[in-house]
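Participant: A single structure is presented below for examination.
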Amino acid sequence: MSGNLIINSLVPPTWNRLKVNEYELPLPGTLQQDTAADAFKTAGAGTAEGSLHIQTGCGKELSDALKEKGIIPKQILIKGPELVTSKIDYSGDAADVICIKAEEGQTLNILTDITSSADKAAGVLQILIEAAKGSVVNLSQLVRAGRDFTFVNDIGVVLEDGAGFNLSQVFAEGGRIISGYMALLSGEGSSSNVHAGLVRKASQFIDMNYVMRHTAPSTRSETYVSGALMEGGSKTFRGTIDFVKGCAGAEGAENENMLLLDDTVINKTVPLILCDEENVAGSHGASIGRPAEDMLYYMMSRGITRERALKILEKASLDSAVSYISDEKAREYVSSAIEGI
Amino acid sequence: MSKETLTIEKLCVRIGEKEILKGLDLKVCEGETHVIMGPNGAGKSTLGNTLMGKSEYEVTSGKITFMGEDLLAMSTDERARKGLFMSFQNPVEVPGVRLSEFVRNTCEAMGEKMSLWNFKKAAGEQMKVLGMDKTYLDRELNVGFSGGEKKKAEIFQLLMLKPKLAILDETDSGLDVDAVRTVSEGVKAYQEQTGGSLIIITHSTRILESLKVDRVHVIADGTIVCEGDSSLVDEINENGFEKYIGK
Amino acid sequence: MSEEKTFVDDINRSVYDIRDEEKDAYRLEEGLTEEIVKKISEEKNDPEWMRDFRLECLKIYNSLEVPQWGPGIEGLDMDHISTYVRPNTKMKNTWDEVPEDIKNTFERLGIPEAERASLAGVGAQYDSELVYHNVMKEVEEQGVVYTDFESALKGEYADMVKEHFMKLLVPSDHKFNALHGTVWSGGSFVYVPKGVKVSIPLQSYFRLNAKGAGQFEHTLIIVDEGADLHFIEGCSAPKYNVANLHSGCVELFVGKNARLRYSTIENWSKNMYNLNSKRAIVEENGRMEWVSGSFGSHVSYLYPSTILKGDNSTMEYTGITFAGEGQNLDTGMKVIHAGKNTSSVVNTRSISKSGGISTTRTSVQVLPKAKGSKSVVSCESLMVDNISRSDTIPVMDIRCDDADVGHEASIGSIPDDAVFYLMSRGLSEADARALIVSGFADNVSRELPMEYAAEMNNLIRLEMKGTIG
């Protein structure tokens, strides 16, 4: 057996031959650390030692491996709602575990901008967030690393009563992206909102595993994925709404909109709804295929060529995630960063 | 006589096996406003979509000349760039594309490169005509728009694109009195600002009240069965279409 | 209004539960060895190729693991399952000749009556062998072949059977296909010749009476070019306190321009492990329609699958699963779009009650060459109380840009306002809830012949009765 990690596991699994039950990650032998922690420091945040024990979307094997490789968790101290923009540039194989605590009633706005100056390298960024009663954490992520770069983006959030976590992700560039997300909605009335936009072309791929676990009453989760695939691009999205006993009154919604622009693409969608409680509402909707002819006709009737219309729709897959970034500065930052795409 | 903008000769159109337009003739000159009326299923919307070049509408015979060129030889976007515009009866929702971004793209397609600042200024002026809030620009194109909002957004695009000929396909249907008045103001502004021609497809008359109408055509069963000046509007208003159907 | 008279018809679950004594039946010893397989083959007078096939399947069976992804089947011990139990009778073609006790069982299940009223042909299997088989003369004269599988292996269509047998459901697919290939017995063979349209349905009914036994019937249906058939499958068993196993295989070949509708009402007893495989392949312009109601069994693995091979071929799947106390029902469907302009429409509903677990598992694959294909999947689940469980596990694997794939899933409980509305019209709460749940199953009852729809609704009301204590 190789030393590959089994991450992004589907729980419960389904038919093996569909190859969606997990992702096998070859992790580099040595990993430099503090790339991300330093970027937060540069952005003006304080850092301290300290760890959080929070489950993530990628799962236990990754967390254990990071520990084994001696990656020391760093706590990031952010005082107020002022946007913290962390520009993380990878110049080699690196890994970080970042812990963030939002105190009661606090609002945090965080932006991570991932680039790579080294190709053929891998970066692992694990972000663990504890959101205390009534706090709101807005995390925006922009990934525009190199075509040969592997980026593992792994998030775990625990939400107390009335806390909210809003995640906007824009996966514009980067060769291989493995993205995990786990929200533990353990506080009454807490909520998770995810908007992910992605474009995959030239054999790029993304493997996503998002779990919204509702354990407390009246919790809410909304998860939206929009994307465009072309030129050998591929995507696997696992989205699990997990209604655990005791979450009466919980609501979970998942929606996916994928544009397939040629027949070299692979799009896999695995939207689970697990339900162990009676009084809940869960829903999932997916729409996958080429753009509707009516839509193209409408755009062309205003003078836009077919090619241009497709381009606009491709970028719209990213924009729909951008438009949900609540902090204006963060929104402008991401918006102008992807302008040329 | 003024210059001909659009000439339709003996146009026959079908969708699948069904023949809808059966030898229709129509001529629209520069700056003229034509009204097309007729009962449901007469072929009014087919005419609009055929002019715009929707793929299901198959032209089996006939000729359409627009600005001196063969319209049928052009793709939909070429027609638009030549100066043809249609306000859709049910504009589609395009998620993720903001109204501002879309209209900027269309203006660019028309050859009008504008800086973001100039674009916002021009857009703001036209939106004022329609009583639209500037926040519309940041909304996703037609997504979640009410019927009235969609129609206003269409007329906003009409004002931004300044076409030579605009087809308004049932732009007034489903709108309340105030919204019809606003849309009507917008259409008037288009006439004044550009001197462009109009084909207004409607089966009510409210939108016409404040506009100067040059010619009225009644379509029934795929052809024009009656033509007249604006007084025909009042006549139809009173007596309906019965006398034109089944002849 | 009294509960008995309103929505719960006066039917009795006990008709399914009456067990006949196993007198004079021939029963092979429990377990699975080469010796037992050879004995089955001998008993059944297999052609040589079939005997070799069984032994080959046994090897495959021993080399494969049980699936790791579904409900647990630890309660199933293959060493204690009798794979072959032959009733003490030869197959008859009039009910009068069928032994009294067996005949009575089928009478209680309403099979002879249904045959007289609305079927073109009936096959009735009791444990491992068919005890009754009959086809309407008019249908036979059209050239339709409907026979027990053993006769088919030796008769005029032997080559056709050999050519198709376990070619769609290959033994190496999974452990239970291999098991089936090893010990299969009974079932039906149907051939509908080119252009023949069978206007009334054929039915097979499978009854497993023997305690601790397995039933492994094989159904092979070939609907030739331009032909049309509706086939109905029913199953039931009395309840025992040891595990019974059903592992049938259904292989369906739908020719060019042909149509096949396959309807199932499955009502196995709640000690049954129902590990069933069904697969259809559809040629150009052909159409496959599945109607499936799953009510019984302790554990089910059931995912009828369809390969839309021919251009313009279509598939429609309509299913309902009702998981009550002690049941873990893992059901769903699979479809592969391979041909151009193929289309699939899937509508599943599931109900979980009294601690029952229902899992809806689906997969939709669209291959790169399946240009112009469309798929619409809708899964709805209903949680009747808070001690049950309902999971939805769909996979979509789309590799073609010119495809239009839509998926919708929702989960919820019985809406209070609907219960209130019905109660305001004089219904008791229990009746109101029963009515809403059977309304939820309407997708399937609309697709079934009237008598079957009525039986299904009775089953649902029976299951719902007594929920409000």
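Just so you know, all these numbers are worked out from the coordinates, no wet-lab data involved. From a predicted model like this one, the values you see are computed outputs, not experimental measurements. Methodologically, a virtual Cβ is constructed for each residue, glycine included, from the backbone with ideal geometry; neighbour enumeration extends over all protein chains shown.
Participant: Using alpha carbon coordinates only, what is the Rg to Rh ratio of the stretch B:4-244, with Rh defined as the Kirkwood radius?
Facilitator: Result: Rg/Rh = 0.95.
Participant: The stretch C:297-422: D in µm²/s via Stokes-Einstein (Kirkwood Rh, Cα pairs, 25 °C, 0.890 mPa s)?
Facilitator: The estimated diffusion coefficient comes to 160 µm²/s.
Participant: FRET efficiency for C:Glu325 and A:Glu24, Cβ-Cβ distance as r, R0 = 51 Å, nearest 0.05?
Facilitator: About 0.80, to the nearest 0.05.
Participant: Could you pull out every one of the lysines with an alpha carbon less than 16 Å from that of A:Lys201, ignoring same-chain neighbours closer than 8 positions?
Facilitator: Reachable lysines: A:Lys235, A:Lys268, A:Lys311, A:Lys315.
Participant: Next up: Strictly over 27 Å apart at the Cα level, which of C:Lys167/C:Lys340; C:Lys39/C:Lys154; A:Lys19/A:Lys101; B:Lys22/B:Lys188; A:Lys19/C:Lys371 would you flag in this model?
Facilitator: Check vs 27 Å cut-off fails for A:Lys19/A:Lys101; B:Lys22/B:Lys188.
Participant: In debye to the nearest 20, how big a dipole does the stretch B:4-244 give about its Cα centre with +1 on each Lys and Arg Cβ and -1 on each Asp and Glu Cβ?
Facilitator: Here the stretch B:4-244 has a charge dipole of around 680 debye.
Participant: Another question about this same structure. The stretch A:241-341: percent of C-alpha pairs farther apart than 24 Å?
Facilitator: 47
Participant: At what distance in angstrom do the alpha carbon centres of the stretch B:188-247 and the stretch B:22-65 lie from each other?
Facilitator: Between the Cα centre of the stretch B:188-247 and that of the stretch B:22-65, the gap is 14 Å.
Participant: Where does chain C land on Rg(C-alpha)/(2.2 N^0.38 Å)? Walk me through the numbers before you get to the answer.
Facilitator: On the way: Rg = 21.6 Å, N = 469, 2.2 N^0.38 = 22.8 Å.
Chain C yields a ratio of 0.95.
Participant: What is the fewest-to-most order of C:Trp69, C:Trp184, A:Trp15 by other Cβ atoms lying within 10 Å of their Cβ?
Facilitator: Numbers: C:Trp69 15, C:Trp184 27, A:Trp15 18.
Placing the least packed residue first, the sequence is C:Trp69, A:Trp15, C:Trp184.
Participant: Moving on to the next point. For the stretch C:28-101, with equal point scatterers placed on the C-alpha atoms only and solvent neglected, what are the log10 I(q)/I(0) values from the Debye formula at q = 0.17 1/Å, to two decimals?
Facilitator: Taking Cα atoms of the stretch C:28-101 as identical point scatterers yields -0.84.
Participant: Another question, then. In the neighborhood of C:Ala158, defined by Cβ-to-Cβ distances under 13 Å, what is the net charge if each Lys or Arg adds +1 and each Asp or Glu adds -1?
Facilitator: On the way: positive: C:Lys154, C:Lys162; negative: C:Asp46, C:Glu48, C:Glu150, C:Glu156, C:Asp159, C:Glu163.
Charge balance in the 13 Å sphere: -4.
Participant: What nm value, rounded to one decimal, do you get for the distance between C:Lys59 and C:Glu42 when each label is placed 7 Å out toward the C-beta?
Facilitator: 2.2
Participant: Can you pick out the pairs among B:Lys120/B:Lys151; C:Lys92/C:Lys137; B:Lys54/B:Lys82; B:Lys18/B:Lys151 whose Cα atoms lie more than 27 Å from each other?
Facilitator: Values: B:Lys120/B:Lys151 20 Å; C:Lys92/C:Lys137 16 Å; B:Lys54/B:Lys82 16 Å; B:Lys18/B:Lys151 29 Å.
Exceeds cut-off: B:Lys18/B:Lys151.
Participant: Right, here's the next one. Compute log10 of I(q)/I(0) for the protein assembly as shown with the Debye formula, placing one identical point scatterer on every Cα and leaving out solvent, at q = 0.04, 0.05, 0.07 Å⁻¹, to two decimals.
Facilitator: Taken in order of the listed q values, log10 I(q)/I(0) reads -0.26, -0.41, -0.78.
Participant: Which of rounded, prolate, oblate describes the stretch A:21-168, given a ≥ b ≥ c as roots of the alpha-carbon gyration tensor eigenvalues and a/c under 1.5 marking rounded, otherwise prolate only if a/b is larger than b/c?
Facilitator: It is prolate, given that a/c is not under 1.5 and a/b is the larger ratio.
Participant: Still on this model: Would you mind giving the average projected area, over all directions, of the Cα convex hull of the stretch C:104-207 in nm² with one decimal?
Facilitator: Average of the hull's projected areas for the stretch C:104-207 equals 7.6 nm².
Participant: Just the ratio, please: alpha-carbon radius of gyration of the stretch A:31-337 over 2.2 N^0.38 Å, N its number of residues.
Facilitator: 0.98
Participant: Quick one: among A:Gly123, A:Gly189, A:Gly50, which has the greatest mean-square fluctuation in a GNM of chain A with alpha-carbon springs under 10 angstrom?
Facilitator: In the Gaussian network model the winner is A:Gly50.
Participant: Further, regarding this structure: Please compute, for peptide A:225-237, the average count of beta-carbon atoms on other protein chains lying within 10 Å of each residue's beta-carbon.
Facilitator: Per residue, the number of nearby Cβ atoms from other chains is 1 on average.
Participant: At R0 = 30 Å, how high is the FRET efficiency between C:Tyr421 and A:Lys245 if r is their beta carbon distance? Nearest 0.05 is fine.
Facilitator: With R0 = 30 Å, the Cβ-Cβ based efficiency is 0.55.
Participant: Less than 16 Å from a label point 7 Å out along the Cα-to-Cβ axis of A:Lys311: which backbone N atoms in the stretch B:52-95 qualify, by residue?
Facilitator: B:77-78
Participant: If each residue's Cβ is checked for other Cβ atoms within 10 Å, how do C:Trp290, B:Trp117 rank with the fewest at the top?
Facilitator: Least crowded to most crowded, the residues run B:Trp117, C:Trp290.
Participant: Rank these for me by crowding, B:Cys12, B:Cys107, going from fewest to most other beta carbons within 10 Å.
Facilitator: The order, fewest Cβ neighbours first, is B:Cys12, B:Cys107.
Participant: Right, next: Ignoring solvent entirely, what values of log10 I(q)/I(0) come out of the Debye formula for the stretch C:221-371 at 0.12, 0.16 Å⁻¹ when each Cα is a single scatterer?
Facilitator: So the normalised log intensities work out to -0.50, -0.82.
Participant: Using 1/(1 + (r/R0)^6) with R0 = 60 angstrom and r between the beta carbons of A:Thr107 and C:Ser428, what's the FRET efficiency to the nearest 0.05?
Facilitator: In this case the efficiency is close to 0.70.
Participant: Right, here's the next one. Could you check the simple spin-label distance between B:Met114 and B:Lys22, using points 7 Å along Cα→Cβ, in nm with one decimal?
Facilitator: 4.6
Participant: Have a look at C:Val384, C:Pro368, C:Gly355 and report the one farthest towards the positive end of the charge dipole of the stretch C:324-442, computed about the Cα centre with Cβ charges (Lys/Arg +1, Asp/Glu -1).
Facilitator: C:Pro368
Participant: While we're on this one: Using 7 Å Cα-to-Cβ label points, what is the C:Ser199/C:Asn241 separation (nm, one decimal)?
Facilitator: 5.3
Participant: Calculate, axis by axis, the spread of Cα positions in the stretch B:5-52 along the three principal axes, and write the results as whole Å, longest axis first.
Facilitator: Computed over the stretch B:5-52, the largest-to-smallest principal extents equal 36, 21, 17 Å.
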